[in-house]
Amino acid sequence: MDTAGLRSVKAFLLDLDGTLYLGDRLFEWTPRFLDTLRRRGLGRFFMTNNSSRDAEGYAAKLRRLGLDVQPDEIITSGQSAALYLREHPEIRSVYVLGTDQLAAEVRRAGKEVVDERADAVLVGYATNLTFAALARAAVEIRRGAVFLATHPDLVCPDELGMLPDCGSLCRCLAAATGREPDQVFGKPSSWMVRLVTERCGLPPQDIAIVGDRLYTDIRMGIDNGSLAVLVLSGETRRELLRTSTVQPDVVFENVFELAVALEQA
């Protein structure tokens, strides 16, 4: 396996669930990997498509797992949606099918969160989902509201198994309204890469994107000219990798192997 591309990397954009932890269980190799980045003077950012928490919520979770992480190191799909909202002043009000944390992200973007007659509907990983909320989202979309989704993931990995995620809710709404989302943020779109390049001042070519999903993490790396690093500690198995049209630049069993490669490089 050719790992020469690692030598030019100055910062890592790291997926969370399936890469550094699973559910509430930190992988045993994660602390060594992060220590390797620190010792080599490499930047790090943590990314997630899961929009049920905001940056402070994810930083708090990582600290509970024993990692020293600050909110400004977190990149979420909710932040990507907020960036879009800030750039579209014609959208003044938003109906949020998602958690209170996602609604707070919308308010930080300067938008009003409303219960009806919204300019846009934003769908996230709605762990607080009720039928009434889903029905209202359908009504607003059919009425003509802009249809936005924080991320495309159909399922979210959990210790219980694969749970219905934002993409599944969007499929339900598309079936009910006859409309697909107008914009989808999070991986593999370029919105997260925009956020991290603005924060660290590096071009995408100097960034490695590390994750366990081919169609989100690896696709985003390929599309944005970053080094695409796949780890096999989460969703992707070698059987799927062999048949996929999306191929990473390098593959490791987990981030422990990536740490060893960095030390050798």
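The single condition among (1) under 30 Å from ALA138 (Cα atoms); (2) modelled with pLDDT of 95 or more that ILE209 does not satisfy is (1).
Quick one: count up the residues across region 62-83 that are among the basic types (Lys, Arg) and either touching a Phe, Trp or Tyr at 6+ places or on another chain (Cβ under 8 Å) or under 22 Å from ALA11 (Cα atoms) (or both). Break it down into steps so the answer makes sense when it comes.
Applying the first criterion (among the basic types (Lys, Arg)) to region 62-83 yields 63-64.
Restricting the remaining residues to those that are either touching a Phe, Trp or Tyr at 6+ places or on another chain (Cβ under 8 Å) or under 22 Å from ALA11 (Cα atoms) (or both) gives 63.
The total comes to 1.
Could you tell me which residue of region 83-120 is farthest from CYS170 (Cα to Cα), considering only residues that are touching a Lys or Arg at 6+ places or on another chain (Cβ under 9 Å) and in a strand (DSSP E or B)? Filtering first and then ranking leaves GLU112. Of the residues making up region 47-82, just one is in a strand (DSSP E or B), among the hydroxyl-bearing types (Ser, Thr, Tyr) and farther than 14 Å from ALA149 by Cβ, namely THR48.
Just one of LEU169, LEU214, LEU240 is surrounded by fewer than 17 Cβ atoms within 10 Å (Cβ to Cβ), aliphatic (A, V, I, L, M) and farther than 22 Å from ARG40 by Cβ; which is it? Give the derivation first.
Working: LEU169 fails: surrounded by fewer than 17 Cβ atoms within 10 Å (Cβ to Cβ); LEU214 fails: surrounded by fewer than 17 Cβ atoms within 10 Å (Cβ to Cβ).
Matching residue, one of LEU169, LEU214, LEU240: LEU240.
Look through region 31-72, keep the residues that are among the β-branched types (Val, Ile, Thr) and at pLDDT 95 or above, and return whichever of them is farthest from the chain's Cα centre (by Cα). Steps first, please.
Applying the first criterion (among the β-branched types (Val, Ile, Thr)) to region 31-72 yields 36, 48, 69.
Restricting the remaining residues to those that are at pLDDT 95 or above gives 36, 69.
Numbers: THR36: 23, VAL69: 17 Å.
Filtering region 31-72 for residues that are among the β-branched types (Val, Ile, Thr) and at pLDDT 95 or above, the one farthest from the chain's Cα centre (by Cα) comes out as THR36.
How many residues does region 166-198 contain that are of a type in the set (Lys, Arg) and out of contact with any helix residue (DSSP H, G or I) (no Cβ under 9 Å at 6 or more places or on another chain)? Total satisfying the criteria: 1.
Step by step: first the residues of region 97-121, then only those that are surrounded by fewer than 24 Cβ atoms within 10 Å (Cβ to Cβ) and basic (Lys, Arg), then the one that is farthest from ASP54 (Cα to Cα). Which residue is that? My answer is ARG117. Selection of helices (runs of 4 or more DSSP H) fully inside region 172-245 by the criterion of at least 1 residues being within 28 Å of GLU73 (Cβ to Cβ) and not assigned by TED's automatic domain parsing to the domain that holds CYS156 returns 191-200, 219-224.
The values are calculated or read from the model by the stated rules, or taken from the named source; none is laboratory data. It should be emphasised that the depicted structure is a prediction, and the values quoted were computed from it without experimental measurement. No Cβ is skipped: glycine too gets one built from the backbone with ideal geometry, and neighbour counts run over all protein chains shown.
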